[in-house]
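**Student:** Shown below is the structure under consideration.
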Amino acid sequence: MRTLVTGATGFLGSAVVRQLKKVGGQSVRALVRDPSAAPDVADEAVKGDLSDPSTFDAALDGVDRVIHAGARVSTQGPWEEFFAVNVAGTGALIEASERAGVSHFVHVSSLSVYDVPSDNAAVNEDSALEAGAEDRGFYARSKLEADQVAQAAITRGAPVTIVRPGLIFGPGRKVPLARRSVAAGPFRVVLASPDYLMPMAFVENVADALVLAAGNERAIGRIYTIVDEHVRQADYARMFLQASGQSWRPVYVPPGLVRTAASLVEGAARLVGKKAPLTRHQVDRTLRSARFDGARARAELEWHPQVPVFEALRRCFASQRNAPGA
């Protein structure tokens, strides 16, 4: 069994490669722009670029499964670059996989594609997708459009699975304190209610879910939400402090105040004929709390997060303390 992993040098993709080798019984091929940077545990590395479909056929030769974790994740750059990699690249890779006879294609999406219509909304795989993602930037828009491309492939009968992980964190990436927060001396200003639910997803748990999905024929044509735990913002801040050993106090800014500020910014931008740097839609999508139902993954994939949130945080900060030069 040979599995191709895109984005294999990235944060999630490298974890997927490690998980595949941990499970064993398969060869792992990494699709990377620089083969010398591929994870050491990969069996082979092939040069390719998601914005260049001409590289796909060679990369897919002899491949049984694809886990598509690659994406342009920067918040900067023109729309054309996000579209070429995240949207057109995903569509072209699915089509090339079909031509190559790949038996299963797992696409990594995001919770950001869901619409959250109100505070404390209940969201599952059948819920509506967001309208107005373009107001949150090119990355959010491109992830939504890529998800729609993958859904269209499922509709036409392609062997595709979509996995939508929560807020991914882990060693090697800055640990998130909140959706939005600002350091201010001995305080951390958190733009959320203390009751906001953080949909946490440890990178190793997400990699485990992706490998389980790729190895399960029942997952073909299905969509899965992956969230380890929903943790209240205030409880998460306490975990963060305990795991990190840091000393600061969280200050929670009422969501209503942030929404009012965003409305004022939008109004001022309209008066001068410019694009608003902050919109009410952005604020609503960021601050509205939701509970994302992951029961389908637990039932159909038999996936259960192996690393609890506090233990995951402890590992993150231990990794930082043990990093060279720390």
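The values are calculated or read from the model by the stated rules, or taken from the named source; none is laboratory data. If you're wondering where the values come from, they're calculated on a predicted model, not measured in any experiment. Because the Cβ atoms are built from the backbone with ideal geometry, glycine has one as well, and the counts that use them run over all protein chains shown.
**Student:** Which residues, taken from the stretch 1-46, are charged (D, E, K, R), surrounded by 15 or more Cβ atoms within 10 Å (Cβ to Cβ) and assigned to a strand (DSSP E or B)?
**Tutor:** 2, 29, listed by residue number.
**Student:** Still on this model: For residues that are touching a Lys or Arg at 6+ places or on another chain (Cβ under 6 Å) and closer than 23 Å to residue 4 by Cα, scanning just the stretch 107-160, find the one that is surrounded by the most Cβ atoms within 10 Å (Cβ to Cβ).
**Tutor:** Only one residue fits best here, namely 109.
**Student:** Then there is this: Checking the condition part of a helix (DSSP H, G or I) and surrounded by 18 or more Cβ atoms within 10 Å (Cβ to Cβ), which residue from 212, 271 passes?
**Tutor:** 212
**Student:** Scanning for something surrounded by 19 or more Cβ atoms within 10 Å (Cβ to Cβ), closer than 30 Å to residue 305 by Cα and touching a helix residue (DSSP H, G or I) at 6+ places or on another chain (Cβ under 6 Å), does the stretch 252-268 turn up at least one residue?
**Tutor:** no
**Student:** Additional query: Under 18 Å from residue 179 (Cα atoms), of a type in the set (Ser, Thr, Tyr), at pLDDT below 95 and touching a Lys or Arg at 6+ places or on another chain (Cβ under 7 Å), is that true of residue 286?
**Tutor:** For residue 286, the condition - under 18 Å from residue 179 (Cα atoms), of a type in the set (Ser, Thr, Tyr), at pLDDT below 95 and touching a Lys or Arg at 6+ places or on another chain (Cβ under 7 Å) - is met.
**Student:** On to the next question. Is it the case, given these coordinates, that residue 194 is in contact with a strand residue (DSSP E or B) (Cβ under 7 Å, 6 or more places away or on another chain), assigned to a loop (DSSP other than H, G, I, E, B) and free of Cβ contacts under 8 Å to residues at least 40 places away in the same chain?
**Tutor:** So residue 194 does not fit the description; no.
**Student:** When you check residue 59 against the structure, is it more than 19 Å from the chain's Cα centre (by Cα) and modelled with pLDDT under 95, yes or no?
**Tutor:** Considered against the rule, which asks whether it is more than 19 Å from the chain's Cα centre (by Cα) and modelled with pLDDT under 95, residue 59 comes out as no.
**Student:** Turning to a different aspect of this structure: Anything in the stretch 210-265 that is among the aliphatic types (A, V, I, L, M) and in contact with a Phe, Trp or Tyr (Cβ under 8 Å, 6 or more places away or on another chain)? List them, or say none.
**Tutor:** Answer for the stretch 210-265, where residues must be among the aliphatic types (A, V, I, L, M) and in contact with a Phe, Trp or Tyr (Cβ under 8 Å, 6 or more places away or on another chain): 212, 213, 226, 227, 234, 239, 241, 243, 251.
**Student:** Follow-up question, since we're still on this one. Being in contact (Cβ under 8 Å) with a residue 24 or more places away in the chain, under 14 Å from residue 223 (Cβ atoms) and assigned to a loop (DSSP other than H, G, I, E, B): is that true of residue 153 here?
**Tutor:** When the stated conditions are applied, residue 153 does not pass them.
**Student:** Taking the criterion of being within 21 Å of residue 210 (Cβ to Cβ), among the basic types (Lys, Arg), modelled with pLDDT of 95 or more and in a helix (DSSP H, G or I), would at least one residue in the stretch 140-150 satisfy it?
**Tutor:** yes
**Student:** Okay, moving on. Within the stretch 79-95, is there a residue that is in contact with a Leu (Cβ under 7 Å, 6 or more places away or on another chain), among the β-branched types (Val, Ile, Thr) and buried (at least 17 other Cβ atoms within 10 Å of the Cβ)?
**Tutor:** yes
**Student:** From (1) closer than 24 Å to residue 312 by Cβ; (2) touching a Leu at 6+ places or on another chain (Cβ under 6 Å); (3) not polar (S, T, N, Q), pick out the condition that doesn't hold for residue 143.
**Tutor:** Just one mismatch for residue 143, condition (2).
**Student:** Starting from the stretch 217-230, keep only residues that are touching a residue at least 24 places away in the same chain (Cβ under 8 Å) and farther than 19 Å from residue 152 by Cα, then list their pairs with residues that are among the basic types (Lys, Arg) and crowded, with 23+ Cβ neighbours inside 10 Å whose Cβ atoms are within a distance under 7 Å, requiring at least 6 positions of separation or different chains.
**Tutor:** 226/164
**Student:** Check the stretch 36-52 and report whether any residue there is at pLDDT 95 or above and within 18 Å of residue 158 (Cα to Cα).
**Tutor:** No, there is no match, as no residue in the stretch 36-52 is at pLDDT 95 or above and within 18 Å of residue 158 (Cα to Cα).
**Student:** Another question about this same structure. What's the number of the only condition in (1) at pLDDT below 85; (2) surrounded by 22 or more Cβ atoms within 10 Å (Cβ to Cβ) that residue 281 fails to meet?
**Tutor:** Answer for residue 281: the failing condition is (2).
**Student:** Might you check whether a residue that is under 19 Å from residue 289 (Cβ atoms), touching a residue at least 24 places away in the same chain (Cβ under 8 Å) and assigned to a loop (DSSP other than H, G, I, E, B) occurs anywhere in the stretch 254-268?
**Tutor:** Yes.
**Student:** Among the listed residues 224, 236, which satisfies the condition of being outside any loop (DSSP other than H, G, I, E, B), aromatic (Phe, Trp, Tyr) and within 23 Å of residue 22 (Cα to Cα)?
**Tutor:** Just a single option satisfies the conditions, and that option is 224.
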